[in-house]
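The values are calculated or read from the model by the stated rules, or taken from the named source; none is laboratory data. Because the structure is predicted, anything quoted here is derived from the model rather than measured. Reconstructed Cβ throughout: ideal geometry from the backbone, glycine too, with neighbour counts over all protein chains shown. Keep in mind that these areas ignore ligands, DNA and RNA; they rest on the heavy atoms of the full protein, side chains included. Shrake-Rupley method; radii C 1.70, N 1.55, O 1.52, S 1.80 Å.
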Amino acid sequence: MRQAGRFLPEYRAVREKHTLLDICAVPELTAEVTLQPIRRFGMDGAIIFADILLPLVPMGIDLTFIPDVGPSIANPIRTLEDVAALRPLEPRETLAPTLAALGLVREELPPETALIGFAGAPFTLASYLIEGGPTRNFIKTKSFMYHEPETFRALMEKLVDMTIAYMTAQADAGAQVLQLFDSWVGYLGREDYRRYIKPYSAAIFDGLSGLDCPTIHFGVGTGELLEDISEAGGDVIGLDWRVPLDEGWARIGEGKGVQGNLDPTVLYAPHDLIRERVQQILTRANGRPGHVFNLGHGVTPSTPVDSISVVLDTLRSWDGAAVG
Ligand code: CP3
């Protein structure tokens, strides 16, 4: 997840000397910050350090990260000409540091630890491209979608091509799982998701189907979209904390796995409450194969480091005993 490492002092020490984009440009630094949480906690999976917006830079987007604000795009997409000017992505040329880092991390990771590659989904990427930065209400993105459906479609098609090329290159470079982040798709109603977004997310999963690499389809606030998100694709579907795990899993369909669904803010609660919430999720999973325990969204920067250990200890000592 975004910010996976930011709560760690060893990550902050690297960030004092290097910007986010600098870390992503140097394979050794990328590998180091990817491995930091694994060395400390020994999770079952490591996610490569990058950002969903990184591949937009070689496509011609002028991206910076502004402290306490977030991503900022100086040349947002507003017209068909803007879309046409986006260059096709050649990941092996322009994202070589991230691909090299995947190889370095794979060499260092214990063989049983999965290495996860990722990309942003078309809607979430388009929202940054059109708004120029973070938004609370997606007014520019949705207005563009409603007023300029052809231009919006052209943008979606470019993002689909980019994402398939990038994720394929990541799998070739050593990623063993591919995660598609549609973090903001929960802001759409079902009708809009089906009409404007679903075909493009589905095209990405179609494009990855020959890779023999399991996929995760992630979203937040997606309780009402789960059936459609699952239909669009992904071997494993993300569940945030708003939907009880078993109810969400039923909507997704029994044939698929689920990932989630602890509220990241529960990590600020007393340790006993953290244990109780983790056990409730495991009880709802009920030992069915296909549950990847995770937070429902990213680790927030001020999360107490101890809380992560409490979650992991609870998971590792779980013996299936029912809790209230
Ligand atoms: O260790 C990790 O955090 C994994 C690497 C990772 C990052 N971004 C690095 C990052 C991953 C998987 C992402 C994905 C990402 N980026 C998503 C999808 C997942 C999610 O969290 O919803 C999204 C929406 C983004 C866009 C993004 N990047 C935002 C909104 C921000 C700034 C917001 C903030 O809270 O600062 C970023 C910056 C960013 N990307 C940080 C990290 C570690 C934090 C800033 C920093 O360290 O300078």
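A few points about this structure:
- Any hit, the range 288-300, residues being among the polar types (S, T, N, Q), buried (at least 19 other Cβ atoms within 10 Å of the Cβ) and in contact with a helix residue (DSSP H, G or I) (Cβ under 6 Å, 6 or more places away or on another chain): no
- Neighbours by Cβ (under 6 Å, 6+ apart or cross-chain): first from the range 289-303, more than 10 Å from the ligand (Cβ to nearest atom); second of a type in the set (Phe, Trp, Tyr) and open to solvent by 40 Å² or more (accessible area, probe 1.4 Å): GLY296/TRP241
- Subset of the range 249-258 [crowded, with 23+ Cβ neighbours inside 10 Å and closer than 23 Å to ILE308 by Cβ]: VAL258
- Within the range 184-194, one or more residues are closer than 24 Å to LEU63 by Cα and within 15 Å of the chain's Cα centre (by Cα).
- Close pairs from the range 41-61: first away from the ligand (no atom under 11 Å from the Cβ), partner of a type in the set (D, E, K, R) and in a loop (DSSP other than H, G, I, E, B), Cβ under 9 Å, at least 6 apart: ASP44/GLU112; PRO58/ARG87; PRO58/GLU90; MET59/ARG87; GLY60/ARG87
Residues are listed down the side, and each one gets a yes or a no for (1) out of contact with any helix residue (DSSP H, G or I) (no Cβ under 6 Å at 6 or more places or on another chain); (2) surrounded by 21 or more Cβ atoms within 10 Å (Cβ to Cβ); (3) free of Cβ contacts under 8 Å to residues at least 60 places away in the same chain:
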{"site": "LEU226", "(1), (2), (3)": "no, yes, yes"}
{"site": "ALA232", "(1), (2), (3)": "no, yes, yes"}
{"site": "LEU239", "(1), (2), (3)": "no, yes, yes"}
{"site": "GLY260", "(1), (2), (3)": "yes, yes, yes"}
{"site": "LEU273", "(1), (2), (3)": "yes, no, yes"}
{"site": "ASP319", "(1), (2), (3)": "yes, no, yes"}
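- Options LEU86, LEU99; residue that is under 22 Å from PHE181 (Cβ atoms) and more than 16 Å from the ligand (Cβ to nearest atom): LEU86
- Test: residue in the range 139-148 that is of a type in the set (Asp, Glu), more than 20 Å from ASP51 (Cα to Cα) and within 16 Å of the ligand (Cβ to nearest atom): no
- Evaluated against (1) touching a Gly at 6+ places or on another chain (Cβ under 7 Å); (2) under 20 Å from ALA25 (Cα atoms); (3) surrounded by 18 or more Cβ atoms within 10 Å (Cβ to Cβ), SER72 falls short on exactly one condition, (3).
- Meeting the requirement of 3 or more residues that are open to solvent by 60 Å² or more (accessible area, probe 1.4 Å), the helices (runs of 4 or more DSSP H) wholly within the range 9-65 are 9-17, 27-41.
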